[in-house]
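The values are calculated or read from the model by the stated rules, or taken from the named source; none is laboratory data. Keep in mind it's a predicted model, so treat the numbers as computed, not measured. Here the Cβ is made from the backbone with ideal geometry for all residues, glycine too, and neighbour counts use every protein chain on show. Side chains included, ligands, DNA and RNA excluded: accessible areas come from the protein's heavy atoms. Shrake-Rupley method; radii C 1.70, N 1.55, O 1.52, S 1.80 Å.
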Amino acid sequence: MSERRIGVYICHCGGNISDYVDVAAVRDAVADLPDVVHAETSLFACSDGTQQDMIAMIKEQHLDGLVVASCSPKLHLFTFRGVSRRAGLNPFEYTQANIREQCSWAHTDDREGATLKAIGLVKGAIAKTRESSALEPMAVETTSASLVVGAGIAGLRAAIGLADLGLRVYLLEQSAAVGGWVGHFGPTFPNDRDGRAMVADLLEQLSSRPTITLLTNAELTAKSGSFGNYEVTITVHGERESTVTATVGSIVIATGFDTYEPAIGEYGYGIDGVVTLAEFKALIESSPDGLRFADRPVRTVTYVYCVGNRQPGGNEYCSKFCCSATVHASIEVSAIDPSIHQYHLYRDIRTYGKYELLYEQARKRGSVFMKFPDEVPPSVARTDDGRLVVTTRDTLSGNIDVRIPTDLVVLVTGMVPRENTALTKMLHLPVGGDGFFNEIHPKLRPVETVVDGVMIAGTCQGPKTISESVASGLAAVAQSGAMLMKGVAELDPLVAVVAEAACTWCGECQQVCPYEAITAVSVDGREVATIDAAVCKGCGGCTSYCPNNAIDLLGATDAQMRALIENLVEVVV
Amino acid sequence: MSAVIEVTTVDPGLLADIQRFGAADVSACFSCGNCSAICPLSNNDGTFPRRMIRYGQVGLRDELLGSKELWACYHCGLCSESCPQRADPGEYMAAARRYAIASYDRTGLARALYVHPAVGSGVLVALAAAFATFFTLMSGAEPRHSLRLFSFLPDSVVHWTGIAVMIAVVLVALAGVSTMVHGLARHEGVHGRDLVVGAASWRRAWRGAWSAVAVESLGQKRFRDDCADADPAEHWYEKRWIVHATVMWGFIGLLVATMLDYGLSLTGVRATGTPEPVWYPVRLLGTVAGLAMVAGVTTMIVSRLRRSNQASTFSHQSDWVFLTLLWVVGVSGLLTELALYLPGAPSWGYWMFVAHVSLAMELLVLVPFMKFAHVIYRPVALFFQSLANTKA
């Protein structure tokens with residue numbers, strides 16, 4: 001490699017780094033390295049002022065490589081790629097060295113060791129940058145259309161939002177009726193808005209948007225193509241089965257959840273008088289004057305929370321909505337008859353945010369909340385004299401075991417992931433440990449999946465309230481808009497490339513590629529592998545498998561990684 | 001403690017029932033425990049008074065009525081001052097004690113007096129009228145030359161009525177105490193044999209009784225030591241324990257003077273009603289005690305009217321009934337005495353005397369059914385408190 005001109009910035013991160021790493025020593029250790037023409041420390045490298053200084057420095061010193069040693073690239077890789085671009089430097093000549101998460105925060109007890117490690121990481125980053133080359137993002141023309149899978153509250157709202165952006169929308173619903181769970185709900189928390197009315201309102205909005213095609217009794221049966229231009233096949237069931245094909249730029253998955261079905265005997269489920277929250281809500285709706293169950297007046301209701309959720313070895317997650325929904329239901333009950341006694345047996349009450357007000361209101365209306373210890377869950381039984389009795393331990397009164405003779409036991413059941421195997425396989429959707437679909441990052445990229453152009457919204461991603469589902473549906477709309485509204489999308493050039501001369505088409509790479517990006521082509525009468533850059537995600541799986549070392553990953557080439565490692569170990573080991 | 005896990009059945013209506021005795025704000029309590037943090041009586045387990053409120057909320061009636069701590073509280077009001085929910089735990093404790101008095105009483109009279117103001121007032125008026133009518137019917141001629149109260153109303157009538165009333169009160173009180181002790185002993189895991197078998201047990205029981213009656217009840221030790229008032233009194237004579245001691249010792253002084261008078265008559269030293277100067281020891285004791293009690297009760301009434309401390313910000317009807325009865329009994333007694341020493345033997349003295357005797361009898365009759373009942377129940381609870389403190 002010819003001579004390079006590299007600038008290096010070592011960030012204090014306020015004190016997050018400099019409290020544990022001697023940043024001046026790091027600078028001094030790298031300032032005189034070959035190809036390093038500028039090195040300095042900075043209080044906050046990501047601050048506006050420092051970014052301006054960097055741009056000025058890149059231009060003034062004609063830098064052709066940039067290294068910032070700061071936080072995780074997950075946080076600021078795009079920030080400094082942007083700095084490079086604005087300074088006229090190819091963004092892929094930029095390298096980030098993570099000396100915060102991987103160094104200062106991890107070694108708060110060893111300043112000397114942390115400083116040494118930081119020097120190694122920065123030297124490695126400089127070595128990698130020496131081997132870097134300018135890369136150009138691929139431009140892909142995109143189709144101004146979206147497919148929304150699932151017409152529940154999130155899917156409906158997303159479809160309307162996408163149409164309002166001017167995109168053609170295909171809204172697909174597996175069942176005959178749209179609206180999902182919410183379409184069956186009466187008044188919902190926190191504002192008593194009627195679920196059916198909300199869905200009816202959305203349907204009306206849907207019908208006034210001709211660019212939305214609603215397909216019920218339909219399922220996605222095939223998908224091909226790459227980001228920006230997915231070919232989808234939708235099978236519509238019915239008297240005569242038909243298929244619809246379409247090209248879409250993005251796909252929003254909003255397939256929703258299933259409710260937890262308690263096992264017979266679980267907290268007395270199966271005993272007359274033990275119902276789930278959903279059944280109880282239906283009972284409330286059918287009892288405007290006087291709560292009755294099986295023709296008997298209900299004087300006492302006992303709620304058992306977290307049934308099927310937060311169970312060690314079972315569904316360990318929290319379903320989030322159930323505490324608020326139950327507390328809301330109890331307010332409805334007291335509105336029907338304020339003299340009904342209500343006992344809430346809970347693990348933790350999670351009426352978070354403004355839903356706390358509902359909890360407050362329920363308490364004021366006389367609901368008694370009793371926390372039971374994790375190891376002693378309540379038990380439900382019918383006694384010999386036929387009374388339904390819940391026995392529980394009340395921590396707040398000093399772990400006293402109490403019997404609550406009750407007329408109705410409500411098992412507060414949460415959400416479970418829906419069975420989606422076919423869809424998961426077809427779209428290569430990542431599924432988390434809980435069985436729900438996984439986003440890339442819960443805060444930074446909350447609706448995107450690792451599959452470009454495929455987004456998740458609503459409760460298929462994990463338990464959500466109605467408003468959270470709608471919000472995530474709209475986030476998927478915004479993300480689709482950002483991808484498709486320009487008509488052209490840029491794809492990361494960090495993809496695998498084949499050195500055709502070395503390739504013997506053994507087929508190993510095709511076997512390991514999770515994205516079906518690799519096919520064989522004939523070049524000069526020889527079969528060699530070719531990689532579709534629009535489909536490749538740059539995971540690097542094939543590069544390590546190739547027995548002939550014929551595949552390299554742009555942006556993380558073998559040469560770059562070797563240089564990085566050698567420089568790192570030289571310092572640290 | 002019993003090893004068997006006992007399961008209590010909840011009484012869903014308990015809190016609403018307690019709230020018929022006061023404690024309007026306690027529903028706001030969310031068991032944060034600020035009250036326990038500041039309470040000078042809260043011991044190492046740090047759950048008093050929070051747990052008392054919890055018992056009410058959950059509906060643990062037996063636990064509440066079996067709690068000695070209920071009666072350990074002197075309503076200093078620090079808990080109510082520091083309650084972030086303004087649930088007024090101090091007033092809850094007072095209401096729970098009213099509820100306990102009504103629950104220990106098996107006749108239902110206490111409950112009627114507490115929760116039905118109209119019925120209560122009716123009973124009070126009717127009872128006073130009945131005694132007045134009875135004593136008027138039993139009265140004879142009014143001697144004119146000097147005020148001869150016991151010629152007008154024979155001392156035997158007063159004495160025997162008094163003795164009958166006392167016996168009735170003691171029987172009712174014993175029934176109440178037995179209910180209470182049963183609950184406390186069960187809750188505390190105390191068995192009778194723990195107190196009577198062996199010298200050590202006897203000693204422990206004796207120490208408990210001494211502490212409960214002498215140190216704590218008559219000596220008001222914790223009241224003096226621990227319960228710094230939430231609103232410190234401006235003057236020493238406004239300190240709650242001093243005011244209470246004045247009333248209590250005034251009342252005891254009057255009781256002793258009355259009994260001495262009867263005793264002197266029984267032993268033939270001096271017949272009841274014999275004219276005597278104001279410095280005559282028994283008369284002097286009665287006069288001083290009467291003045292002290294009236295002064296103390298007046299201070300209490302003024303403090304309640306002015307709401308000058310946490311304990312007096314909320315006054316239940318039963319508080320007024322008790323104070324008013326004490327006050328009219330004391331004042332009518334002092335006026336009767338005044339009539340004795342006034343020249344010309346004013347005839348209103350006779351009627352003041354009838355009023356005094358009738359009201360005093362009413363006060364005695366109602367001891368187990370009203371706030372006065374704390375003289376019966378508090379020492380019992382303090383006895384259990386002392387037993388708990390002397391546990392190995």
*Any residue at all in the stretch B:157-175 that is over 22 Å from the mean Cα position of the chain (by Cα), in the same structural domain as B:ASP319 (by TED's automatic domain parsing), in a helix (DSSP H, G or I) and in contact (Cβ under 8 Å) with a residue 24 or more places away in the chain?*
yes
*Can you run down the residue pairs with Cβ atoms below 8 Å, 6 or more apart or on separate chains, where the first is in the stretch A:316-343 and more than 18 Å from A:PRO190 (Cβ to Cβ) and part of a helix (DSSP H, G or I) and the partner is among the polar types (S, T, N, Q) and open to solvent by less than 30 Å² (accessible area, probe 1.4 Å)?*
A:ILE336/A:SER287
*If you take the residues in the stretch A:477-490 that are assigned to a helix (DSSP H, G or I) and aliphatic (A, V, I, L, M), which one is surrounded by the fewest Cβ atoms within 10 Å (Cβ to Cβ)?*
A:ALA482
*Can you tell me which of B:LEU291, B:LEU335, B:LEU340 is at pLDDT below 95, assigned to a helix (DSSP H, G or I), aliphatic (A, V, I, L, M) and over 17 Å from the mean Cα position of the chain (by Cα)?*
B:LEU340
*asked:* I need every pair where a residue in the stretch A:530-542 that is charged (D, E, K, R) has its Cβ under 7 Å from the Cβ of a residue that is open to solvent by 20 Å² or more (accessible area, probe 1.4 Å), sequence separation at least 6 or different chains.
replied: A:ASP532/A:SER226; A:LYS537/A:VAL450; A:LYS537/A:TYR515
_Elements of type helices (runs of 4 or more DSSP H) in the stretch B:1-112, at least 2 residues being within 14 Å of chain A (Cβ to nearest Cβ)_ = B:14-18, B:34-38, B:50-58, B:61-65
*Restricting attention to the stretch B:11-32, report how many residues are buried (at least 19 other Cβ atoms within 10 Å of the Cβ), of a type in the set (A, V, I, L, M) and more than 13 Å from B:SER103 (Cβ to Cβ).*
3
_If I go through the stretch A:349-365 residue by residue, how many of them are of a type outside the set (Phe, Trp, Tyr) and open to solvent by 50 Å² or more (accessible area, probe 1.4 Å)?_
8
*Check whether at least one residue in the stretch A:404-426 is over 30 Å from A:VAL149 (Cβ atoms), open to solvent by 40 Å² or more (accessible area, probe 1.4 Å) and either at the interface with chain B (Cβ under 9 Å from one of its Cβ atoms) or not in a loop (DSSP other than H, G, I, E, B) (or both), and report yes or no.*
no
*Scan the stretch B:110-124 residue by residue and report those that are under 23 Å from B:GLU63 (Cα atoms) and surrounded by fewer than 22 Cβ atoms within 10 Å (Cβ to Cβ).*
B:ARG111, B:VAL115
*Return a yes/no flag: does the stretch A:74-82 have any residue that is in contact with a His (Cβ under 9 Å, 6 or more places away or on another chain) and either within 26 Å of A:LEU491 (Cβ to Cβ) or modelled with pLDDT under 95 (or both).*
yes
_Residue pairs, Cβ under 7 Å, 6 or more apart or interchain, first in the stretch A:434-446 and touching a residue at least 24 places away in the same chain (Cβ under 8 Å), second assigned to a strand (DSSP E or B). List them._
A:ASP434/A:PRO417; A:PHE436/A:PRO417; A:PHE437/A:ILE253; A:PHE437/A:VAL431; A:PHE437/A:ILE456
*Within the stretch A:505-523, can one find any residue that is aliphatic (A, V, I, L, M), open to solvent by 60 Å² or more (accessible area, probe 1.4 Å) and either within 23 Å of A:LYS223 (Cβ to Cβ) or touching a Ser or Thr at 6+ places or on another chain (Cβ under 8 Å) (or both)?*
no
*Selection count where residues are open to solvent by 60 Å² or more (accessible area, probe 1.4 Å) and part of a strand (DSSP E or B), scope the stretch A:427-456*: 2
*Residues satisfying the stated conditions in the stretch A:128-143, i.e. over 18 Å from A:THR557 (Cα atoms) and either free of Cβ contacts under 8 Å to residues at least 12 places away in the same chain or surrounded by 13 or more Cβ atoms within 10 Å (Cβ to Cβ) (or both)*: A:MET138, A:VAL140, A:THR142, A:THR143
_Every residue in the stretch A:347-373 that is away from chain B (no Cβ under 13 Å) and free of Cβ contacts under 8 Å to residues at least 60 places away in the same chain, please._
A:ARG347, A:ASP348, A:ARG350, A:TYR352, A:GLY353, A:PRO373
*Of all residues in the stretch A:43-57, which are open to solvent by 10 Å² or more (accessible area, probe 1.4 Å) and not aromatic (Phe, Trp, Tyr)?*
A:LEU43, A:CYS46, A:SER47, A:ASP48, A:GLY49, A:THR50, A:GLN51, A:GLN52, A:ASP53, A:ILE55, A:ALA56, A:MET57
*asked:* Going through A:LEU396, A:LEU474 one at a time, which residue ends up being open to solvent by 10 Å² or more (accessible area, probe 1.4 Å), outside any strand (DSSP E or B) and within 14 Å of chain B (Cβ to nearest Cβ)?
replied: A:LEU396
*Name the residue, out of B:ALA345, B:ALA381, that is open to solvent by less than 20 Å² (accessible area, probe 1.4 Å), part of a loop (DSSP other than H, G, I, E, B) and touching a Lys or Arg at 6+ places or on another chain (Cβ under 8 Å).*
B:ALA345
*Taking the stretch A:382-393 as the search range and keeping residues that are open to solvent by 50 Å² or more (accessible area, probe 1.4 Å) and at pLDDT below 95, which one is farthest from A:PRO338 (Cα to Cα)?*
A:ASP384
*Would you call B:MET259 without any contact (Cβ under 8 Å) to a residue 12 or more places away in the chain, within 22 Å of B:VAL357 (Cα to Cα) and out of contact with any strand residue (DSSP E or B) (no Cβ under 7 Å at 6 or more places or on another chain)?*
yes
